[in-house]
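Notes for the one structure printed next.
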Amino acid sequence: MSAARSRAQAAAAIVALAAIAWLIAGRGLVNYDTLYSLVWGRELSEGGSLSLSAPFTPTMHPLGVLLGVLLAPLSRNVVAGVHGVAATDIVVVLAFLALGAMLWLTYALGSLWFGRWAGVLAALIMLTRRPLLDFGARAYVDIPYVVLVLAAVLIESRRRRAATPVLALLAVAGLIRPEAWAFSGAYIIYLWFSGEHRARQVAGWLALAAIGPLLWLLGDLVLAGDALHSISGTQQTTRDLGRVTGIGGLVTTAPRRLGEILREPVLVGAVGGLGFTIWLLRQRVRTPLMVALVALAAFSLLAIAGLPVNGRYLLLPAVIGAIFCGAGVFGWRELKADDKHRQPWAIFGLFTIVLLLVFTPAQFDRISNLRYALSRQQQIQSDLQALIRQPPGLIRASCTPITVPNHRPVPLLALWLELPPGMIFSADDQLVEEGQFIAAATPAVASDYILDPRDLNRRVIGPPRALKLAGGNRSWLVYKRCAESSG
């Protein structure tokens, strides 16, 4: 009964935290990569080949494609209003639940390692980080990955050498991000050296650890015809987009990305917390420190292999940093009452709290900006969908090809119009003088929705002269030259 009650309390806490995160963010959207997973899932469920050759297709995550297959019935006839709930709605709900789970696991691990108040502060820190809220509200797969790894760490922290459940969770995580493979390998090494084991046990551990990489390679081979499609495709996209990568990116960009998540007061508290816990709580610090080191090592290997140095790849080290900050503020409570080190540690904790309070207004501003960005982008997306919904529909699947200002709206239109992404062109890649051209109605729409601050090419290409304006709304203009528009 106690275990069942604990699970029920954890589930309730996760739902509550998800709701709080949704209230803070204001809404949710589905990002470019996850939209492609929905498109691929629909294509796979229909028995067709996947649209993998379109420019700037993202990495194909096996678990993401599986989710797309499961949601395929809700990915069809959405714009026509056949379904009251679209696949994207389900994805947003799941994304916020994953965010709630990540926050609860941050609390649970912080509490287990350094006391309840350390866990509370760590979860509160992560709840108020704009990048985390942004990644969660946009349904990036990186948060479910972090959830699975943190759950594995929690099981091991509660029951040493748990083995099978830990490796099983890491195997699932390895179908989202390859960094989980490094955790599986490191964990097996730990199991090997930390106690007795039999040959059959080791074989089972290795089999579980192999699930992630084998299924990923097999999926790439079957669906793309190349077992290394994911890594080679991601490397090529990184080069095409001019994203930061390599050892230089690790040295110059990765620390900045981690700082953008945690911000200055949390970094100060984390450094102090790490120092105090290594000095005074050495037995407790080993697990979080090893998790952070493995996460950073895996991230570094991927960057050296040519993958981009993205902030969302650093969410796991950021969680550990927040927990160490919680330890820096409240870890002194874990010392004995007569320990002479309690006072200096408590003074440092008070100093960190003051810093956190001083920087609180800046966090409010960042979250306010996020709320505005999400609201504005949802409005622009709704205006785009309205042009498909309006009878008889200004944007039609029957008038192809369709050209858009750049690659960003491609998967969304492919999902709504039930077209392969290859029939929707980016004007950056190819300017077609027939079909439909969907243009931003104002420079503000281009700035707020189409362009990314990291884009090297900031041009917004207009429609060819051969196409004539057919209509539009406050956000979008539609130009056409096709049989249906002339009739």
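Rule-based calculations on the coordinates, nothing more; no lab input. Just so it is clear, the model here is predicted, and its values are computed rather than measured. Note that each Cβ is placed from the backbone with ideal geometry, even for glycine, and that neighbours are counted across all protein chains shown.
So the values come out like this:
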{"quantity": "Angle in degrees between helix 116-127 and the longest Cα principal axis of the chain, rounded to the nearest 10", "calculated": "20 degrees"}
{"quantity": "Residue-span extension gain [R116 to L218] - 0.36 nm each, minus C-alpha spacing", "calculated": "32.4 nm"}
{"quantity": "On Cα atoms only, tilt of 199-224 relative to the major axis of the chain in degrees", "calculated": "20 degrees"}
{"quantity": "DSSP beta bridges in region 373-486 [antiparallel fraction, %, rounded to 5]", "calculated": "65 percent"}
{"quantity": "Karplus-derived HN-Hα couplings along region 407-418 (A = 6.51, B = -1.76, C = 1.60, θ = phi - 60°), whole Hz, x at Gly and Pro", "calculated": "6, 4, x, 4, x, 5, 5, 4, 5, 5, 8, 6"}
{"quantity": "A163 long-range amide H proximity, modeled H, under 5 Å", "calculated": "none"}
{"quantity": "Dipole moment magnitude, nearest 20 debye, the chain about Cα centre, only Lys, Arg, Asp, Glu C-beta charged", "calculated": "1300 debye"}
{"quantity": "Relative packing of peptides 363-369, 352-358 - highest average C-beta neighbours within 10 Å first", "calculated": "352-358, 363-369"}
{"quantity": "Stretch gain in nm, segment L289-N473, where the contour uses 0.36 nm per residue and the Cα spacing is subtracted", "calculated": "60.9 nm"}
{"quantity": "Percentage relative contact order, region 2-358, counting C-alpha pairs under 8 Å, at least six apart", "calculated": "19 percent"}
{"quantity": "Nearest 10 degrees, 0 to 90: helix 264-280 Cα axis against the chain principal axis", "calculated": "30 degrees"}
{"quantity": "F425 long-range amide H proximity, modeled H, under 5 Å", "calculated": "I402, T403, V404"}
{"quantity": "Rounded, prolate or oblate (a/c below 1.5 giving rounded, otherwise prolate when a/b exceeds b/c) for region 394-478 by Cα gyration tensor", "calculated": "rounded"}
{"quantity": "Aspartates and glutamates with Cα under 16 Å of K480, excluding same-chain neighbours fewer than 8 positions away", "calculated": "E433, E434"}
{"quantity": "Using a Förster distance of 22 Å, the FRET efficiency for L431-S53 (Cβ separation, nearest 0.05)", "calculated": "0.70"}
{"quantity": "Neighbour-count order for M102, M290, fewest beta carbons within 10 angstrom listed first", "calculated": "M290, M102"}
{"quantity": "Diffusion coefficient, µm² s⁻¹, Stokes-Einstein with Kirkwood Rh over alpha-carbon pairs of the chain at 37 °C and 0.692 mPa s", "calculated": "136 µm²/s"}
{"quantity": "Paramagnetic reach from E46 (point 7 Å along Cα→Cβ, amide N under 13 Å) across region 383-405", "calculated": "397-398"}
{"quantity": "Spin-label pair A19/D240, simplified geometry with 7 Å Cα→Cβ offset, distance in nm", "calculated": "4.4 nm"}
{"quantity": "Theoretical FRET efficiency, 1/(1+(r/R0)^6), r = Cβ-Cβ of R282 and I353, R0 22 Å, to 0.05", "calculated": "0.35"}
{"quantity": "Free-standing Cys residues across the chain, given no other cysteine C-beta under 4.7 angstrom", "calculated": "C325"}
